[in-house]
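The values are calculated or read from the model by the stated rules, or taken from the named source; none is laboratory data. Since the model is a prediction, treat every value here as computed from it, not as a measurement. Virtual Cβ from ideal backbone geometry, glycine too; neighbours counted across all protein chains shown.
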Amino acid sequence: MSTALVSQPPASALAETMMSKEAMTEAIVTAKLAKGLTWKAIAEQLGVGDIWLTSACFGKNSMPGALADKLCALLDLPGSVSAALQVFPHKTWDQAIPQDPLIYRFYEVVGVYGDTIKEIIHEKFGDGIMSAIDFAMHIEKEENPAGDRVVVTMNGKFLPYRSW
């Protein structure tokens, strides 16, 4: 994935349609399913990571214009989807605890281990945070005779708090 700055699409592209991020996501997922593609297969064709691609398609990150156009060509989607992909998203989400069992388990992990994670990070790095901007995540399947394992690796730059 390129680290080049992403600009908003031209006003004319936005005026063409004001497709919401939700409608954009629905169009992308519908086309993905109709073509029988996986996020990994799409990411490989576009030359990007599958985690970032999925996040952008779910409206949580914006996509550079040329890449948005390439995705839309691959999925036979209109320019309105490309324009919506390029719009900078609001980084907000529903504050209610999710009901989906898989997503809820991540809340549970943070609820049970959040203070521990924070304490160990502070002990090893000092007072600061892990960036979710300079960040990478990988999700792997680990085969195990006792039951396959989900391996989630999160890798974020440490950002120390300034003392002035």
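Taking into account only those residues within segment 66-119 that are of a type in the set (S, T, N, Q) and assigned to a loop (DSSP other than H, G, I, E, B), which is modelled with the highest pLDDT?
Gln99
In segment 119-164, which residue that is in contact with a Lys or Arg (Cβ under 7 Å, 6 or more places away or on another chain) and surrounded by 11 or more Cβ atoms within 10 Å (Cβ to Cβ) is nearest to Asn61 (Cα to Cα)? Selected residue: Asp134. Might you check whether a residue that is of a type in the set (A, V, I, L, M, F, W, C) and exposed (fewer than 11 other Cβ atoms within 10 Å of the Cβ) occurs anywhere in segment 43-62? Looking through segment 43-62, none of the residues is of a type in the set (A, V, I, L, M, F, W, C) and exposed (fewer than 11 other Cβ atoms within 10 Å of the Cβ).
Scanning segment 134-164 for residues that are out of contact with any Asp or Glu (no Cβ under 9 Å at 6 or more places or on another chain), aliphatic (A, V, I, L, M) and touching a residue at least 24 places away in the same chain (Cβ under 8 Å) yields a count of 3.
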